[in-house]
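The values are calculated or read from the model by the stated rules, or taken from the named source; none is laboratory data. These numbers were taken from a predicted model, which means no experiment stands behind them. So basically every Cβ, Gly included, is an ideal-geometry build from the backbone, and we count neighbours across all protein chains shown.
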Amino acid sequence: MNKRRDVLREGLILSLLIAISLPFFGYAFVYEAQTQSVAQMILNTENFYDPTSDVSVYWKVNGAGSHWGAVDDGVRNNSTPILVDYIYSSKQKADIIGFPDINKVEVSTIILWVYSATGSNAKTIINLRNDNITQASLIVNPNSPQGWRSTTWQNPSSIGTITVEFIHAKEGTGAPTESIVYAVYIEVRYTV
Amino acid sequence: MSRRKMSKKGKLAGLLIVILSLSLIGVSAYIYDQASQSVNQTVKEVATVNLKNSALGNLKEGETKFYTKSNVTDLGDAISIETTEVNVYLHLNSNLDALTAYVTYNIVVKFSTVPSGSSHSVGDTACTLSLSSPDYNSVVLDIAGTWKFDFEITTTANSVNSDTATAVTIIVSAESAP
């Protein structure tokens, strides 16, 4: 009986302690929370454009159904493009691919980037054209290894339809070797 | 018989005490609710917070800029707090970790006004918020009085496909507990 009383007394004391201590659980209270903001505008200063159409198709294509589709890898000059699809030629003809419209004002620079290679007597002339007028050219000399190369059109005054022309030329003797283009894109920079 | 009676009486007494204990807990829960309301009102006197919003302007993609109150006025005294008690805890929680348009976004929070007697000094760094550490718990305001903080901000923008507006939101709260 005494043991039971002790247990009951302890239970009663515990209940009282819980009842007394409960109100104190609310003390870690946030006094005041306010919000502030820091605003900023990030200005777009460059865009990349990949080819989207075939204009003249006199080269051969490997690994793709269209010429532009063989070179629109979407890879930039810090990476190796896909090497299984490409356009190539050993004949002195021109291939031309088209690009989407550049709907931007205040363009400061348009850079044509090409990942290409040439055989021992193959030379490739690559022209960046605006409304069929060449604005910048890139010459890839014979026996050039695979790699990114570029040519720049500075301060374009009026931008219309952009196309890129690939011309193969034989330079030197022997059986003709090939000009090969794996990837092409243009980089457009703006003044802001 | 008497043993049985005694046992029944004992059980009845035990049951009554258990019921009494449960009713005490019920009453105490009710008291707790009321008590916590009155505590809220008391703690509300601990501090008054005033904040400034800032507009940093434009940043080109890839560009890095450093902003202080000398080139963006609102970064000076960006946080002002009046405390009425010692050891008020200042918490800063931001959404910096949600920003994807930046390579770097550091907000250095510096003491610009400190009550006399504090262990802090004007110009000391209170904390730094960044893309990887967007929150800080907590700056201890050890003396009652006026506290102000400047922001110094370094931002480096990623590449974006079009002009992109960004806003960092900082929730500043003062608590009586860490």
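The set of residues in segment B:161-176 being farther than 15 Å from B:Phe151 by Cβ and out of contact with any helix residue (DSSP H, G or I) (no Cβ under 9 Å at 6 or more places or on another chain) consists of B:Asn161, B:Ser162, B:Asp163, B:Thr164, B:Ala165, B:Thr166, B:Ser173, B:Ala174. Evaluated against (1) in contact with a strand residue (DSSP E or B) (Cβ under 9 Å, 6 or more places away or on another chain); (2) touching a residue at least 40 places away in the same chain (Cβ under 8 Å), A:Ser120 falls short on exactly one condition, (1).
Only residues that are under 18 Å from A:Gln92 (Cβ atoms) and either touching a Phe, Trp or Tyr at 6+ places or on another chain (Cβ under 7 Å) or not polar (S, T, N, Q) (or both) were counted in segment A:118-137, giving 6. Restricting attention to segment A:122-142 and to residues that are within 23 Å of A:Asp85 (Cβ to Cβ) and polar (S, T, N, Q), the residue that is surrounded by the fewest Cβ atoms within 10 Å (Cβ to Cβ) turns out to be A:Asn127. Considering A:Gln34, A:Gln40, the condition of being surrounded by 21 or more Cβ atoms within 10 Å (Cβ to Cβ) and within 14 Å of chain B (Cβ to nearest Cβ) is satisfied by A:Gln40 alone.
Listed by position, the strands (runs of 3 or more DSSP E) contained in segment B:62-178 that have at least 3 residues being within 13 Å of chain A (Cβ to nearest Cβ), aliphatic (A, V, I, L, M) and closer than 20 Å to B:Thr48 by Cβ are B:88-94, B:164-175.
Do we have any residue at all in segment A:5-28 that's in contact with a Gly (Cβ under 7 Å, 6 or more places away or on another chain), of a type in the set (A, V, I, L, M) and modelled with pLDDT of 90 or more? Walk me through it before giving the result.
Filtering segment A:5-28 down to residues in contact with a Gly (Cβ under 7 Å, 6 or more places away or on another chain) leaves A:8.
Adding the requirement that they be of a type in the set (A, V, I, L, M) leaves A:8.
Then drop every residue that is not modelled with pLDDT of 90 or more, which leaves none.
Looking for residues that are in contact with a Gly (Cβ under 7 Å, 6 or more places away or on another chain), of a type in the set (A, V, I, L, M) and modelled with pLDDT of 90 or more, one finds none in segment A:5-28, hence no.
Candidates B:Tyr105, B:Tyr89: the one that is buried (at least 16 other Cβ atoms within 10 Å of the Cβ), touching a residue at least 60 places away in the same chain (Cβ under 8 Å) and closer than 30 Å to A:Asn47 by Cα is B:Tyr105.
Taken over segment A:41-66, residues that are part of a strand (DSSP E or B), among the β-branched types (Val, Ile, Thr) and touching a residue at least 40 places away in the same chain (Cβ under 8 Å) amount to 1.
Apart from one condition, A:Asp95 fits all of (1) among the charged types (D, E, K, R); (2) over 18 Å from A:Phe166 (Cα atoms); (3) in a strand (DSSP E or B); the exception is (2). Taking the criterion of being touching a Phe, Trp or Tyr at 6+ places or on another chain (Cβ under 8 Å) and of a type in the set (Gly, Ala, Ser), the residues of segment B:45-103 that qualify are B:Ala47, B:Ser54, B:Ala78, B:Ser80.
Kindly evaluate B:Asp150 against the criterion of being in the same structural domain as B:His91 (by TED's automatic domain parsing) and free of Cβ contacts under 8 Å to residues at least 12 places away in the same chain. Judged against the criteria, B:Asp150 is not a match.
Among the strands (runs of 3 or more DSSP E) confined to segment A:111-192, the ones with at least 2 residues that are touching a helix residue (DSSP H, G or I) at 6+ places or on another chain (Cβ under 6 Å) are located at A:179-190.
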